[in-house]
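Each remark here refers to the structure printed beneath this line.
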Amino acid sequence: RMAPLGYKNSRDENNKPIVLVGHNANLIQNAFKEFSEGKPQSDIIRDLRKKGIKVSRSNMSKLLRNPFYMGKIIIPKLGEEPTQIINGIHEAIVSDNLFFKVQDVLNGVKSNKKEGYSFQREEFPLRGILFCSS
């Protein structure tokens with residue numbers, strides 16, 4: 001399986017199977033940051049293409065929703081076992097905080113900057129990230 005953009009399938013000195021590609025990882029981190037601050041996806045895609053990263057609009061949406069970038073791995077539902085998100089051994093490109101801020105923007109959640117909270121319900125932190133396969 002191919003590593004997501006910003007990573008490569010390789011082994012580092014600690015024998016981790018997926019390693020960061022420094023320059024690309026910085027561009028991905030910047031894309032998350034800019035999107036969380038309101039920059040349109042189309043502008044981010046254009047900027048990434050100028051820097052040599054080919055990404056489509058649908059791939060950009062998938063990228064912004066991929067918990068792999070915050071160091072997590074999705075374990076798909078298997079039989080009676082539910083889908084799970086677990087900590088990976090790979091290095092995160094974005095913080096959990098930034099990742100969830102981007103999810104709020106993607107999901108249209110309005111935040112109250114003055115009070116420092118969003119209206120997303122805490123008991124559903126993965127809403128909009130995980131989807132039922134059936």
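Output the residue which, of all residues in segment 84-94 that are in contact (Cβ under 8 Å) with a residue 12 or more places away in the chain and open to solvent by 60 Å² or more (accessible area, probe 1.4 Å), is nearest to residue 26 (Cα to Cα). Looking at the filtered set, the residue picked out is 91. Here 93, 74, 44, 129 are screened, and the one residue that is under 13 Å from the mean Cα position of the chain (by Cα) and modelled with pLDDT of 90 or more is 93.
Whether any residue in segment 61-69 is within 15 Å of the chain's Cα centre (by Cα), free of Cβ contacts under 8 Å to residues at least 40 places away in the same chain and more than 25 Å from residue 16 (Cβ to Cβ) is what I want to check. Looking for residues that are within 15 Å of the chain's Cα centre (by Cα), free of Cβ contacts under 8 Å to residues at least 40 places away in the same chain and more than 25 Å from residue 16 (Cβ to Cβ), one finds none in segment 61-69, hence no. In the set (1) touching a Pro at 6+ places or on another chain (Cβ under 8 Å); (2) open to solvent by 60 Å² or more (accessible area, probe 1.4 Å), residue 10 fails one condition alone, (2).
The criterion of being farther than 21 Å from residue 3 by Cα, buried (at least 16 other Cβ atoms within 10 Å of the Cβ) and at pLDDT below 95 holds for residue 109. Of the numbered conditions (1) loosely packed, with under 15 Cβ neighbours inside 10 Å; (2) in a helix (DSSP H, G or I); (3) under 13 Å from the mean Cα position of the chain (by Cα), residue 35 fails exactly one; give the number of that condition. Against the list (1) loosely packed, with under 15 Cβ neighbours inside 10 Å; (2) in a helix (DSSP H, G or I); (3) under 13 Å from the mean Cα position of the chain (by Cα), residue 35 comes up short only on (1).
Is it the case, given these coordinates, that residue 53 is more than 18 Å from residue 90 (Cα to Cα), modelled with pLDDT under 95 and open to solvent by less than 60 Å² (accessible area, probe 1.4 Å)?
Details: more than 18 Å from residue 90 (Cα to Cα): yes; modelled with pLDDT under 95: yes; open to solvent by less than 60 Å² (accessible area, probe 1.4 Å): yes.
Criteria met by residue 53.
May I ask you to list the residues in segment 1-32 that are in a loop (DSSP other than H, G, I, E, B) and either hydroxyl-bearing (Ser, Thr, Tyr) or more than 14 Å from the chain's Cα centre (by Cα) (or both)? So that I can check it myself, show each step before the final result.
Of segment 1-32, the ones in a loop (DSSP other than H, G, I, E, B) are 1-6, 10-17, 21.
Hits for segment 1-32 are 1, 2, 10, 11, 12, 13, 14, 15, 16, 17, 21.
The values are calculated or read from the model by the stated rules, or taken from the named source; none is laboratory data. Being a predicted model, the structure only gives us computed values, none of them experimental. Note that we place each Cβ from the backbone using ideal geometry, even for glycine, and neighbour counts take in every protein chain shown. For accessibility, only protein heavy atoms count, side chains too; no ligands or nucleic acids. Shrake-Rupley method; radii C 1.70, N 1.55, O 1.52, S 1.80 Å.
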